[in-house]
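> This is the structure I have questions about; it appears just below.
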């Protein structure tokens with residue numbers, strides 16, 4: 001079928017309205033009419049070639065919610081009319097040890113990303129800045145009615161990207177958790193860590209978002225532009241979630257970890273982050289990374305958010321505002337996630 005979309009013609013040109021072709025619905029496929037699509041900083045990094053070359057033209061967006069409008073003959077998990085979501089991946093090899101363990105996000109052959117990946121038919125996947133998408137049923141999530149429809153979209157990336165490491169490293173009562181950065185990822189990490197029962201501290205460049213951070217559940221808020229912060233908080237945290245997609249002095253943050261503490265990076269800067277091994281030796285610290293989450297984890301996260309009344313803070317925009325929204329994301333001028341109303345897509 002033909003879907004309306006916004007695509008990037010190249011790494012340097014603005015996004016433009018266009019149409020794309022979606023594959024026919026296969027036996028195990030689900031056709032989704034997209035209602036809302038979140039704008040992730042990853043979209044911009046990828047579009048501008050900051051993470052390596054990609055094929056153009058390209059449609060971005062991996063925070064997708066919508067309604068099932070057609071299912072394949074063998075689909076059992078979803079039905080027409082269901083409210084569903086699609087996140088950062090739309091398939092995996094299903095055969096490697098990680099996939100068989102239910103960790104498709106760490107597929108050893110590389111999971112199939114929602115955009116810029118080679119799909120099973122050899123075409124390049126196109127993302128959610130579009131009116132429709134066809135996805136194999138195993139990679140489609142159920143979106144609980146308790147979550148606001150538009151606000152559900154960013155949970156499919158920002159939500160799971162922060163939920164997964166918080167769960168894996170056991171954030172909860174008695175644990176001191178710091179969140180580096182108060183953007184789209186960071187504000188979700190604060191809300192989720194607080195709901196899990198951890199004592200939450202925000203580490204942000206300035207105090208400009210302090211009121212928000214405390215409202216979202218943080219007990220403490222520090223400006224990292226103040227050098228005294230790193231002396232005051234040395235050897236404090238059990239877990240630090242770094243949500244910043246820019247180069248930072250990672251060793252300074254590692255110094256904030258308590259005995260056996262872990263710093264997990266979920267932000268993805270284009271530059272390497274040099275680590276001093278002797279910083280890790282002190283307090284037996286660990287430096288780790290975490291990539292989105294599995295389908296099982298993502299459904300668990302959606303249910304957790306529904307049960308705890310958690311949703312991202314969003315600014316709803318029309319499709320013709322996408323380019324301006326991207327520039328505002330780069331300037332950190334959004335609180336805290338843009339969401340595109342897909343019903344505003346128009347023919348070029």
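> Given (1) touching a strand residue (DSSP E or B) at 6+ places or on another chain (Cβ under 7 Å); (2) at pLDDT 95 or above, identify the lone condition not met by residue 347.
Exception for residue 347: condition (2).
> Continuing with this model, one more query. For residues that are in contact with a helix residue (DSSP H, G or I) (Cβ under 6 Å, 6 or more places away or on another chain) and assigned to a helix (DSSP H, G or I), scanning just region 230-284, find the one that is surrounded by the fewest Cβ atoms within 10 Å (Cβ to Cβ).
Across region 230-284, the extreme among qualifying residues is 252.
> Okay, next question. Being in a strand (DSSP E or B) and without any contact (Cβ under 8 Å) to a residue 60 or more places away in the chain is the filter; apply it to region 1-11 and report the residue that is surrounded by the most Cβ atoms within 10 Å (Cβ to Cβ).
Selected residue: 8.
> Which condition number in (1) at positive phi; (2) in contact (Cβ under 8 Å) with a residue 12 or more places away in the chain is the one that residue 130 fails?
Status for residue 130: all satisfied but (1).
> With 65, 97, 80, 16 as the choices, which residue is outside the structural domain of residue 185 (by TED's automatic domain parsing) and crowded, with 16+ Cβ neighbours inside 10 Å?
65
Every residue, every condition in (1) in contact (Cβ under 8 Å) with a residue 24 or more places away in the chain; (2) under 30 Å from residue 328 (Cα atoms), yes or no:
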{"site": "13", "(1), (2)": "no, yes"}
{"site": "19", "(1), (2)": "yes, yes"}
{"site": "53", "(1), (2)": "no, yes"}
{"site": "74", "(1), (2)": "yes, no"}
{"site": "78", "(1), (2)": "yes, no"}
{"site": "119", "(1), (2)": "yes, no"}
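> For region 90-109, enumerate the residues that are farther than 19 Å from residue 303 by Cβ and outside any helix (DSSP H, G or I).
90, 91, 92, 93, 94, 95, 96, 101, 107, 108, 109
The values are calculated or read from the model by the stated rules, or taken from the named source; none is laboratory data. As the structure is a computational prediction, the values presented were derived from the model and not from experiment. We place every Cβ from the backbone using ideal geometry, glycine too, and count neighbours over all the protein chains shown.
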